[in-house]
Amino acid sequence: MKPIVLITGASYGIGEAIAYTFAAAGYRLSICCNRSGERLADVAAQIQSQYQTDVLTYVGDVGDFSFVQEMAKDTLTRFGQIDVLINNAGIAHIGLLTDMSVEEWNHLVAVNLSSVFHTCKCIVPSMVQRHQGKIINISSVWGNVGASCEVAYSACKGGINSFTKALGKELAPSNIQVNAIACGCIDTRMNACLEKEDIAQLCEEIPAGRFGRPDEVAALALSLATGNDYLNGQVITLDGGWV
Ligand code: NAP
């Protein structure tokens, strides 16, 4: 039986790369996004034809508990189990904290942090029952050190880091490993707002001299999913030596 991975936010960027990498490694996929249903369907069709594997797709907001509940229930009904959960969906918000509205704050926290609670609440019980599972949270270096003009985003990613460490301890006796990848600058749509000069300046600051690639994050996610069961509750920084 092929193992199953559920990936949030797989229509673009890191999530899309993770979907391809896991399909190539023999996984069946359950993937979702919020606003790019057509693009998600294209990703699913491409993966299905390239890797002859099953792909379930869902369109909705991971910040909405009822959407996540439906997605998890349907995936578990149709696939029977979820071996790996990858919490990747996320959005950025750049600006002074005092300019942020309460609605923007609540939305960011729902999508970037509460979503991780939602998926874990719905999927962990089935992992505990099987006494096996891997949870991988896609975090950010800003969750480690904080960023000016990204206070809410940093708070969410810092929350994910602590969530990862705490849940790793809680689930280790059930043979479930929870780890996070704290990404530096990765070349995706999320950074499309950066001007050429900003990118050049960032590349000068990053010891590796360049942004990371989505497939490099995906390769680390796969190694966490398939690797050492004794590695638990860790936040692994992937940033070219930057922060
Ligand atoms: P991206 O290219 O913008 O992709 C984000 C993905 O998340 C898309 O598939 C998007 O789908 C989905 N998504 C957004 N809001 C959602 C929601 N409410 N419900 C369900 N899906 C949603 O960004 P990315 O760079 O790949 O980011 C992926 C993760 O990496 C995020 O958690 C981000 O914080 C983290 N990260 C990225 C970087 C970086 O430099 N790129 C650095 C550190 C951490 P729709 O467009 O359809 O909504």
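Coordinate-derived values only; no laboratory data. As the structure is a prediction and not an experimental result, all values here were calculated from the model. Every residue, glycine among them, receives a Cβ derived from its backbone with ideal geometry; neighbour counts consider all protein chains shown.
Cross-link pairs exceeding 19 Å in C-alpha to C-alpha distance, out of Lys73/Lys157; Lys2/Lys169; Lys2/Lys165; Lys2/Lys121; Lys157/Lys196; Lys73/Lys121, comprise Lys73/Lys157; Lys2/Lys169; Lys2/Lys165; Lys2/Lys121; Lys157/Lys196.
Spread over its residues, the convex hull of the C-alpha atoms of the chain is 121 Å³ per residue. For Lys134, the aspartates and glutamates whose Cα comes closer than 16 Å to its Cα, not counting residues fewer than 8 places off in the same chain, are Asp83, Glu170, Asp229. Compactness ratio for the stretch 15-81: Cα radius of gyration over 2.2 N^0.38 Å (N = residue count) comes to 1.08.
A Cβ-based charge dipole, computed about the Cα centre of the chain with Lys and Arg at +1 and Asp and Glu at -1, lands at about 900 debye.
Starting with the fewest neighbours, write out Glu216, Glu38 ranked by other beta-carbon atoms found within 10 Å of each beta-carbon. If you can, show how the numbers build up before the last one.
Values: Glu216 17, Glu38 9.
The fewest-first ordering by Cβ neighbours comes to Glu38, Glu216.
Quick one: work out Rg over Rh on the C-alpha atoms of the stretch 130-216, Rh as Kirkwood radius.
Values: Rg = 15.7 Å, Rh = 14.6 Å.
For the stretch 130-216, the value is 1.07.
For the pair Leu194 and Asp229 in one chain, pulling the backbone fully straight at 0.36 nm per residue adds 8.8 nm over the alpha carbon distance.
For the stretch 77-221, the calculated P(r) over all alpha carbon pairs, in 10 Å bins from 0 to the bin holding the longest distance, is 10, 36, 32, 16, 4, 0 percent. Each of Tyr12, Tyr230, Tyr153 has some number of other Cβ atoms within 10 Å of its Cβ, and from fewest to most they run Tyr230, Tyr12, Tyr153. Here Thr98, Thr164 are placed in order of increasing Cβ neighbour count within 10 Å, fewest first, which gives Thr98, Thr164. Compute for the stretch 1-145: radius of gyration divided by Kirkwood radius, i.e. Rg/Rh, restricted to C-alpha atoms, rounded to two decimals. Here the Rg-to-Rh quotient is 0.98.
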